[in-house]
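Comments concern the structure below.
The values are calculated or read from the model by the stated rules, or taken from the named source; none is laboratory data. Computed from a predicted model, the values in this text were never measured in an experiment. Cβ atoms come from the backbone with ideal geometry, glycine included; neighbour counts cover every protein chain shown. Surface areas here come from the heavy atoms of the whole protein model, side chains and all, with no ligands, DNA or RNA. Shrake-Rupley method; radii C 1.70, N 1.55, O 1.52, S 1.80 Å.
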Amino acid sequence: MLTRIRKALDDIERKDTVRILFSCESGSRAWGFSSPESDFDVRFLYVHPEARYSSLTPVHCRDVIERPIEDRLDIGGWDLGKALRLFCVSNPPLLEWLHSPVVYLDRFGAAGEIRSFIPEYFSPEVCRRHYLRMAVRNIRKYLSRKDIVPKRCFYILRPLLAVRWLDEGRGLVPVRFSELLEVAADDPAFISAVRDLLLHKRSGGEMEQYPLHPAILGFVEREIVLRQQIVLPGKPSEPNMGKLNGIFRELVFRAWHGQCFG
């Protein structure tokens, strides 16, 4: 699969005339609860030739590249300009990509350069809204009082734990579910039930109905009520996107010339 992924990235560079700066695993394989049947969710950041850009202001061209899912390979990416505009508003999926434990490509120092701006642009409030909306949506869509598909259960638990992590002021939400689970260490019954569910999912039963442990149901019910009661601050001020223009131009130049300015 690693050979397939590298070939797919090479094909994208050639066919779309782009340079890929960074590529990583997203989804369950990055989160740490994949099963043998899980897709490989490959995500990447890329740049077009320099002539396509002038600044981070939106350009009138498609800013995503996607390929049809084929034999468990789901691959897609964002133009660097799109990524940096979303970075300015603390986009949680992008922040997860930048901290993925599974990296396929990391060229021209791109990921490190972008990560260096996180202290200035990271907004816990924005991330909290994202994860809370996701938790509420998935609870409504998937939660059963008797049985649940393990894969869908983790789609509820992960964003719910992320909200708690942010509410406790712990900073960036960790990508690995095992690290995120530490925020619920005060509930050993819940931890034990989740670990049993993890074993079941990793063994290949991710889409089989599984009895929902009362400790998990109780945790979800308590947490969602508590987290929805917390009053959020007002809309954050508009970020200064101009500060990223320099690194944007620098990375485009590096990608096509293999060196820094000057």
Original post:
Of all residues in region 1-35, which are touching a residue at least 60 places away in the same chain (Cβ under 8 Å) and out of contact with any Phe, Trp or Tyr (no Cβ under 8 Å at 6 or more places or on another chain)?
Top reply: Arg4, Ala8, Ala30, Ser34, Ser35
Subject >> Residue satisfying all of: in region 23-34; of a type in the set (S, T, N, Q) and farther than 19 Å from Leu80 by Cα; least open to solvent (accessible area, probe 1.4 Å) among these >> reply: Ser28
Original post:
Would you say Ser123 is in contact with a Cys (Cβ under 6 Å, 6 or more places away or on another chain) and hydroxyl-bearing (Ser, Thr, Tyr)?
Top reply: no
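Yes or no, residue by residue, for (1) in contact with a Pro (Cβ under 7 Å, 6 or more places away or on another chain); (2) under 30 Å from Val47 (Cβ atoms); (3) touching a residue at least 60 places away in the same chain (Cβ under 8 Å); (4) among the hydroxyl-bearing types (Ser, Thr, Tyr):
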position	(1), (2), (3), (4)
Pro101	no, yes, yes, no
Ser123	yes, yes, yes, yes
Arg129	no, yes, yes, no
Arg133	no, no, no, no
Tyr142	no, no, no, yes
Asp167	no, no, yes, no
Glu182	no, no, no, no
Ala189	no, no, no, no
Subject >> Test: residue in region 69-78 that is open to solvent by less than 40 Å² (accessible area, probe 1.4 Å), free of Cβ contacts under 8 Å to residues at least 40 places away in the same chain and closer than 13 Å to Ile12 by Cβ >> reply: yes
**OP:** Considering only residues that are farther than 18 Å from Trp97 by Cα and out of contact with any strand residue (DSSP E or B) (no Cβ under 7 Å at 6 or more places or on another chain), look in region 1-22 and name the one that is least open to solvent (accessible area, probe 1.4 Å).
**Re:** Asp11
Original post:
Just a yes or no: is a residue in region 192-205 loosely packed, with under 13 Cβ neighbours inside 10 Å, more than 16 Å from the chain's Cα centre (by Cα), within 25 Å of Ser26 (Cα to Cα) and hydrophobic (A, V, I, L, M, F, W, C)?
Top reply: yes
**OP:** Mind listing just one residue for me: the one in region 35-50 that is in contact with a strand residue (DSSP E or B) (Cβ under 9 Å, 6 or more places away or on another chain) and open to solvent by 10 Å² or more (accessible area, probe 1.4 Å) and, of those, modelled with the lowest pLDDT?
**Re:** Pro49
